[in-house]
Amino acid sequence: MASATAKKKNQQQEVSRKPSKREKRQKFVIFLMIISMLLSSLLAGASMFL
């Protein structure tokens with residue numbers, strides 16, 4: 001009986017759901033943070049040579 005309920009749970013988890021607004025915003029903020037880190041490191045390196 002436990003295996004039957006485990007199968008039902010696995011089927012429910014496999015259903016793809018669209019990400020919520022909060023998840024989209026979190027991904028966007030992380031993306032912006034990574035871009036800003038790369039830009040600041042590139043600018044710091046460029047400022048050493050100028």
Extension gain (nm, one decimal) between F31 and K18, 0.36 nm per residue minus Cα-Cα: 2.8 nm
Phi-based couplings in Hz for segment 24-40 (Karplus 6.51, -1.76, 1.60; Gly and Pro marked x): 4, 5, 5, 4, 5, 5, 5, 4, 5, 5, 5, 4, 5, 5, 5, 5, 5
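Bear in mind these aren't lab numbers, they're just calculated from the coordinates by the rules spelled out. Not measured: the values here are computed from a predicted model.
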